[in-house]
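First comes the structure, then the notes that go with it.
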Amino acid sequence: MKKIGLVGCGAIGEGVALFIDRNLSKYAYLTTLADKRKTAANSLNKKLLKKAKIKAINNLMKEVDLVIETASQAAAGQIMKQNLKYKKDIIILSVGAIIKDLQILKKFQEKNINLYIPSGAITGVDGLSALAKGNIKKLTITTSKPPAGLTGTAYLKSKKINIDKIKKPTIIFSGNVAEATKYFPKNINVAATLLLASKYDKVKVMIKLNPKIKKNIHKIEAIADEAKIKIEVENASSKINPKTSALTILSTQTLLEKIFSSLKIGS
Ligand SMILES: NC(=O)c1ccc[n+]([C@@H]2O[C@H](COP(=O)([O-])OP(=O)(O)OC[C@H]3O[C@@H](n4cnc5c(N)ncnc54)[C@H](O)[C@@H]3O)[C@@H](O)[C@H]2O)c1
């Protein structure tokens with residue numbers, strides 16, 4: 001039985017925790033939860049059939065086999081650094097944290113640490129990682145968001161963009177993945193996932209504010225010698241957090257299922 005620790009008991013954390021508790025109980029159990037809001041950890045724990053302990057991140061990492069981060073870039077950064085000591089398998093959702101510290105991947109490789117990244121709010125990550133072995137010439141992601149998906153973003157404040165005044169679809173950001181991750185730490189993990197899957201460091205990211213839509217839409221276009229790939233994903237929100245897509249929760253559950261199952265489909 002694998003012992004799992006979960007850091008972050010919000011929308012994704014809850015979806016993942018309940019899945020482990022109800023569907024993976026033959027192979028693994030959640031031993032420990034961590035959240036900077038103790039009330040979030042307590043309320044999730046009440047929903048679990050098999051109760052977990054609630055601990056700080058450091059103590060959680062010591063005692064589990066697999067750590068799942070579903071919290072924030074700050075938490076992901078802390079877990080990855082501490083994992084150089086603890087050497088646990090980890091699943092990271094706040095993928096932007098990896099872009100900020102790409103050197104850590106080499107250190108994980110040297111220490112035989114498994115780092116898993118779910119496909120999250122996008123699809124086609126299998127094909128894009130296959131193209132990493134080919135010759136990619138262009139890779140772009142255009143993410144369209146309704147105003148509610150961007151409220152409170154520091155970038156909009158710093159650029160003095162008033163989203164209430166935007167009445168038609170408008171590109172509010174265009175840049176590379178490192179910039180997108182810095183300016184939109186909670187909104188554009190998918191761009192970081194694309195870069196890591198494709199190993200193509202010139203991924204172009206555009207964020208479009210569209211007052212006419214209610215859902216996030218990701219359009220990905222890859223041009224390579226071996227294939228042209230076009231992907232469009234229209235995401236429904238999770239019930240708990242309107243900024244998080246339901247697909248992210250399902251894809252994380254699927255990754256976990258793959259880790260514990262003998263049938264491993266796709267890359
Ligand atoms: N990879 C993807 O495709 C993808 C998609 C959506 C969201 N995300 C990312 O996943 C993470 C979780 O998303 P969510 O929708 O569940 O968020 P959420 O706000 O619903 O929940 C996050 C929880 O983590 C806790 N938390 C935040 N920082 C923490 C810290 N430093 N230490 C301990 N606990 C902390 C919060 O208190 C909260 O309970 C976010 O970083 C989000 O940007 C990734």
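The values are calculated or read from the model by the stated rules, or taken from the named source; none is laboratory data. Since the model is a prediction, treat every value here as computed from it, not as a measurement. Cβ placement follows ideal geometry from the backbone for every residue including glycine, while neighbour counts extend to all protein chains displayed. These area figures cover heavy atoms from the full protein model, side chains too; ligands, DNA and RNA do not enter into them. Shrake-Rupley method; radii C 1.70, N 1.55, O 1.52, S 1.80 Å.
Solvent exposure of segment 125-236, expressed per residue, is 54 Å² of accessible area, with all protein chains present and a 1.4 angstrom probe.
Mean residue ellipticity, 222 nm, helices only, the chain: the sum of -39500 (n - 2.57) across DSSP H runs of n ≥ 4, divided by residue count and rounded to 500, is -10500 deg cm²/dmol. If you fit an axis through the alpha-carbon atoms of helix 38-47 and take the longest principal axis of the Cα set of the chain, what angle between them do you get, 0 to 90°, nearest 10? With rounding to tens, the tilt is 70 degrees. Farthest towards the positive end of the charge dipole of segment 1-154, among the residues LEU150, VAL125, GLN82, is the Cα of GLN82, using unit charges on the Cβ of Lys, Arg, Asp and Glu. Spacing of the modelled spin labels on LYS53 and ALA154, each 7 Å from Cα toward Cβ, amounts to 3.4 nm.
Over the chain, the pair-distance histogram of Cα-Cα distances with 10 Å bins from zero comes to 7, 29, 35, 22, 6, 0 percent, rounded to whole numbers.
Under 5 Å between amide hydrogens, built in the peptide plane, is the criterion, and for THR244 it picks out SER238 among residues at least 5 positions away or on other chains. Each label was represented as a point 7 Å from its Cα along the Cα-to-Cβ direction; for LYS38 and LYS239 these points are 2.8 nm apart. Cα extents for segment 177-267 along the principal axes, largest to smallest and rounded to whole angstrom: 44, 41, 24. The calculated pair-distance distribution of segment 1-82 uses every alpha carbon pair, bins of 10 angstrom beginning at 0, and gives 20, 59, 20, 0 percent. When the square roots of the Cα gyration tensor eigenvalues are ordered a ≥ b ≥ c, the ratio a/c for segment 38-84 is 1.5 or more and a/b exceeds b/c, which makes its shape prolate. Over segment 125-236, the fraction of Cα-Cα pairs per 5 Å bin, rounded to whole percents and listed from the shortest bin up, is 2, 12, 23, 23, 17, 11, 7, 3, 1. Are any of the pairs LYS53/LYS264; LYS107/LYS182; LYS160/LYS199 more than 29 Å apart by Cα-Cα distance, and if so, which? The answer is LYS53/LYS264; LYS160/LYS199. The angle between the Cα long axis of helix 246-260 and the longest principal axis of the Cα atoms of the chain comes to about 40 degrees, rounded to the nearest 10.
Only beta bridges with both residues in segment 31-183 are counted; by DSSP, about 0 percent of them are antiparallel.
Of the trypsin sites (Lys or Arg not before Pro) in segment 1-36, the ones in a loop by DSSP (not H, G, I, E or B) with at most 12 other beta carbons within 10 Å are LYS26.
For the chain, the longest principal axis of the C-alpha atoms and the axis of helix 11-23 are separated by about 40°. When you filter the trypsin sites (Lys or Arg not before Pro) in segment 128-167 for DSSP loop state and at most 15 other Cβ atoms inside 10 Å of their Cβ, you are left with LYS133, LYS159, LYS160, LYS167. For LYS165, the lysines whose Cα falls under 24 Å of its own Cα, not counting residues fewer than eight places away in the same chain, are LYS145, LYS157, LYS186, LYS208, LYS212, LYS214, LYS215, LYS243.
Which pairs break 19 Å Cα to Cα here: LYS3/LYS50; LYS100/LYS159; LYS228/LYS258?
LYS100/LYS159; LYS228/LYS258
Secondary structure note: in the chain, about 50% of the DSSP beta bridges are antiparallel.
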